[in-house]
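Remarks on the structure that follows.
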Number of protein chains: 2
Amino acid sequence: MNSVSWPGVLLNIDMIQVMRRLPPRIPMDEYEELMERLKDIALVRQVGGLLSWDQEVLMPPKAAALRAEQLAWVSKEGHVRQTDPKIGELLEKLEGERGLDEVQMANVRLARESYDKATKLPTEFVTELAKHNSKSVISWTEAREKNDFSIFRDDLAKSIELARKKADYLGYETLRYDALLDLYESGLSVSRLDPLFQGLRDNVAPLIKAVNERGERPDMSWVENNRWSQEGQEALSQRVSEAIGFDFEAGRRDASTHPFCGGPNPDDVRWTTRYSEIDPFGSLYGSMHETGHGTYEQGRPRNLDFQPAGTANGLGVHESQSRLWENQIGRSLEFCEWSLPMWKEHFPENMSGVTAEQLWKSVNLLEPSLIRVEADEATYNIHIMIRYEIEKMMISGDLEVDDLPDKWDDMYEEYLGVRAPNRSLGVLQDIHWSMGAIGYFPTYTLGNLYSAQLLAAARRDLPDHDEQVRNGEFGPLLEWMRTRVHRRGSILEPADLIEEATGTPPSPEAFVEYLEKKVERLYGITA
Amino acid sequence: MNSVSWPGVLLNIDMIQVMRRLPPRIPMDEYEELMERLKDIALVRQVGGLLSWDQEVLMPPKAAALRAEQLAWVSKEGHVRQTDPKIGELLEKLEGERGLDEVQMANVRLARESYDKATKLPTEFVTELAKHNSKSVISWTEAREKNDFSIFRDDLAKSIELARKKADYLGYETLRYDALLDLYESGLSVSRLDPLFQGLRDNVAPLIKAVNERGERPDMSWVENNRWSQEGQEALSQRVSEAIGFDFEAGRRDASTHPFCGGPNPDDVRWTTRYSEIDPFGSLYGSMHETGHGTYEQGRPRNLDFQPAGTANGLGVHESQSRLWENQIGRSLEFCEWSLPMWKEHFPENMSGVTAEQLWKSVNLLEPSLIRVEADEATYNIHIMIRYEIEKMMISGDLEVDDLPDKWDDMYEEYLGVRAPNRSLGVLQDIHWSMGAIGYFPTYTLGNLYSAQLLAAARRDLPDHDEQVRNGEFGPLLEWMRTRVHRRGSILEPADLIEEATGTPPSPEAFVEYLEKKVERLYGITA
């Protein structure tokens, strides 16, 4: 048996590290010194990534308090390094430098963004924010449980006030809300988002209405009247993820209450899913979603390890990769044709007599509902659009907190034709605002739009795409994403990356077209 | 679905941390400042503890290289903090201080020990050592594979030379080897160990010889002729560990190639075992061993979190807790009587007709063998004694490296009556020396002696001990250990802790007596 503390081994690691630091170095120029500091920050994050993964997936319950201390320690170590004035000095010198190449320029630009975001908020303000958010999550939780918005009302009002203040510290050109959007996707603004959501509102909302009025619901009895074993779901998840190209030598699949993709680095990418015995789609499509995130992480440019230019490019592009596999591929008829034999292998009784067409219709059940996280791919973006419009109005002052709950319900009625019977199913459903995450929601929709735009572009290069999906050959599409998206890291701004990869700036067109075609094929409805 | 990076959450943690640091502090006195610094070091270790656990248990294979970077980073962060000259200054002031209580004195003493150990070795020397150990593990691995000592010979010679140098840096009173022993158990020395091993040599070696000559082997056919399902072994491991009192709300059981007990802190103690379908004892007794380590960690004095006085007390005492449950309890007839129904429940066919007495005899198979890690509880200490004597001679210069392999074989023949047919089964079997861990082995035997001594003392307070074990009531014994050992942390030196708990200084007597009684009961042999 090994002993509990392995002092020999630990000693060894100490020594190796000291050894690495010793050899006489040539004097570093500014760029090298910046890279060294960024590597240090990246390592802190990797360590934090593992601690967080473990916390979500398998930490024993009593460990929570001390894990919070460890995470706070990691966070503090990261913060101290990120706000080191030496980084500011290095950046100033490098920003005046000519002759930096594309990657070097990206690193300097991204390091500047992080440095500014970390240093522009005064410590007292960050403290106030942290205190308030802790309090706010608690009042939100209670309000949702008791179905009483008034419990959360004051804290939300304060959150909005603080979000405005945050925007003022961060700075913006036109709208305060732009500063908040930029926190989650670099360069994002209302002027860029408005046309995208406009396109969705004009085209998708009527489509949903038409489907809704038609009132045709696919036969879901074969799904709902059966029990689905976890074993079978796990096997399906695993096989599909492998077929897509997720490398399980450099990652893991686990179960967790809240599915996510995390882990410390591209060699160690860990995604989770959850299993329900009454719904076999949640685990499979969740797995495809997280596999999409995971392949992006695994495909990062490895010559840029520890550099900001080598990281995945913002939340919108990340979500495009998850949505691509989950929806654009996973909910296609061709994918259902390919996966049907696997379904039948793992659930022979449940799947007896079910055709690929039936499977396809069932995974594409299009139905307006109240809850965002349960929405189908058409209505989902309307959920986001509503939140976006509300956030804009709240930050600008055009909507008072007291008017919010009814405004929420009215907008759901207007755009989705459903009205929440209570606040918990309405305005209180999402945690984001209680955590101070205002400006986050739109990245979800960006992901959907990007994914459609990317697939449309990929199709031009892959004329046999449908046939390949039908045969379970996902390599060509993954390789296309590797080249055009994954390996480009964060060298370009997200919008520029999309334009480089697809030939056009971000636009809702491809997504609308995709949805129209799908609805036509599914329901015979033409836009 | 959650996104890949949860920026909202991470931001929150940042803020909470900053918040914690902000409130105006009263000026710290030296003791408080020392405690704050030690807490910081403890947190680094906790983080390292989780990274190491994950590496052993579930990290995907390609993640190895970057995990090494993360561990090196953690190690460096720990080293920088541990060797901060400010700690030296604080210690100097505090060592002159009167009016410290027992715990405070222990903290100062232990902090001094760590500080000295971390600072006494010059960086260049640590570098040389690290380089050499890395090289040495490789040559040892090759030598063992090829069964050729000459491949390892030069590196081992150098390791001994470096170990001597290390001892000189650390300082010692009488023997160089004492400085090395002290690294793994504070205060340990040849003058303390010699009488212990003498007692074992004089009493245990003849006992083994007598059993051996008798040539009676218990009937192992029911074990060897069956296949043992992992499922059944897992259930047994879990139930026994729970019965002993391991808290699975504050810990985990997993599988790993090399069983160990680790994890970051007393709220998160993680032990592992391994399963073999031809041997059901390895997993159960391994689980009891690691459960022993685990209950010690979970029982630490929680009012001393993050303080050296609140940690487990050295490798010998730690091993006493694992050996207690594995051997003293686990291989008792009473335990076999209690566990037999569980065995039958999980392996009804294999166990059909097997009696508690048969089970007891089988788990106590006493048989001299070549390999330490497979040895029974009687011969085990002879394996350690041989290594101890050899280390002493090598460090003092009384044994040349070229004479080592034959000396090894001769000693095995003399004390165990077996001779290795080749070097891999002889002198090359253990990794320790290749890692530079000279002085480590004796703590294994200390654990065995302490465990017997502790149980003998506990029996005086627990007159119904045997009956309690027979009924699976392990609470009274665990509580005794909690009070006398676990909750005392590292407040006393290990030897003083044993004396406080048992009334006598460390001695081989209880162990010898225990073994004599057992052999008499098993084989009818009286010493």
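Annotations
- Qualifying residue in segment A:124-131 (condition: in contact (Cβ under 8 Å) with a residue 40 or more places away in the chain and closer than 18 Å to A:ILE438 by Cα): yes
- Of the criteria (1) under 30 Å from A:GLU493 (Cα atoms); (2) within 8 Å of chain B (Cβ to nearest Cβ); (3) at pLDDT below 95, which one A:ILE16 fails: (1)
- The lone exception for A:ALA250 - which of (1) under 25 Å from A:TYR444 (Cβ atoms); (2) at the interface with chain B (Cβ under 10 Å from one of its Cβ atoms); (3) crowded, with 19+ Cβ neighbours inside 10 Å it fails: (1)
- All positions within segment A:468-491 that are farther than 19 Å from A:GLY330 by Cβ and in a loop (DSSP other than H, G, I, E, B): A:GLY489, A:SER490, A:ILE491
- Number of positions in segment A:167-181 that are of a type in the set (D, E, K, R) and in contact (Cβ under 8 Å) with a residue 60 or more places away in the chain: 1
- Residues of segment A:475-507 that are closer than 20 Å to A:THR443 by Cβ and either at pLDDT below 95 or surrounded by fewer than 16 Cβ atoms within 10 Å (Cβ to Cβ) (or both): A:ASP496, A:GLU500, A:THR504, A:PRO505.
- B:GLU337 vs. criteria of a type outside the set (Gly, Ala, Ser), closer than 30 Å to B:ALA42 by Cα and at pLDDT 95 or above: no
- Applying the condition of being within 14 Å of A:LYS518 (Cβ to Cβ) and either aliphatic (A, V, I, L, M) or part of a loop (DSSP other than H, G, I, E, B) (or both) to segment A:325-358 and asking which residue is farthest from the chain's Cα centre (by Cα) yields A:LEU333.
- Exactly one residue out of B:PRO61, B:PRO85 is surrounded by fewer than 19 Cβ atoms within 10 Å (Cβ to Cβ) and within 14 Å of chain A (Cβ to nearest Cβ): that is B:PRO61.
- Test: residue in segment B:393-410 that is aromatic (Phe, Trp, Tyr), buried (at least 20 other Cβ atoms within 10 Å of the Cβ) and more than 30 Å from B:ILE329 (Cβ to Cβ): yes
- A:ALA106 being among the small types (Gly, Ala, Ser) and within 14 Å of another protein chain (Cβ to nearest Cβ): no
- Selection status of B:TYR440, buried (at least 20 other Cβ atoms within 10 Å of the Cβ) and in contact with a His (Cβ under 6 Å, 6 or more places away or on another chain): yes
- Applying the set (1) modelled with pLDDT under 95; (2) not in a helix (DSSP H, G or I) to B:GLY439 leaves exactly one unmet item: (1).
- In segment A:69-92, the residues that are acidic (Asp, Glu) and under 18 Å from B:TRP73 (Cα atoms): A:GLU77
- Test: A:SER322 is hydroxyl-bearing (Ser, Thr, Tyr), touching a Phe, Trp or Tyr at 6+ places or on another chain (Cβ under 9 Å) and either surrounded by fewer than 22 Cβ atoms within 10 Å (Cβ to Cβ) or within 10 Å of chain B (Cβ to nearest Cβ) (or both): yes
- Count - residues of segment B:253-290 that are at the interface with chain A (Cβ under 9 Å from one of its Cβ atoms), surrounded by fewer than 20 Cβ atoms within 10 Å (Cβ to Cβ) and of a type in the set (Asp, Glu): 1
- Cβ-Cβ under 9 Å pairs, at least 6 apart or on other chains, segment B:29-47 side closer than 17 Å to A:LEU71 by Cα, far side among the aromatic types (Phe, Trp, Tyr) and at pLDDT below 95: B:ASP40/A:TRP73; B:LEU43/A:TRP73; B:VAL44/A:TRP73; B:GLN46/A:TRP73; B:VAL47/A:TRP73
- Residue within segment A:34-45 that is more than 14 Å from chain B (Cβ to nearest Cβ) and either buried (at least 17 other Cβ atoms within 10 Å of the Cβ) or at pLDDT 95 or above (or both) present: yes
- Test: residue in segment B:415-434 that is within 14 Å of chain A (Cβ to nearest Cβ), in a loop (DSSP other than H, G, I, E, B) and at pLDDT 95 or above: no
- For segment B:359-378, the set of residues classified as surrounded by fewer than 20 Cβ atoms within 10 Å (Cβ to Cβ) and either under 22 Å from the mean Cα position of the chain (by Cα) or closer than 21 Å to B:TYR450 by Cα (or both) consists of B:SER369, B:LEU370, B:ILE371, B:ARG372, B:VAL373, B:GLU374, B:ALA375, B:ASP376, listed by residue number.
The values are calculated or read from the model by the stated rules, or taken from the named source; none is laboratory data. Predicted model only: the values in this text are computed from it and were never measured. Note that we place each Cβ from the backbone using ideal geometry, even for glycine, and neighbour counts take in every protein chain shown.
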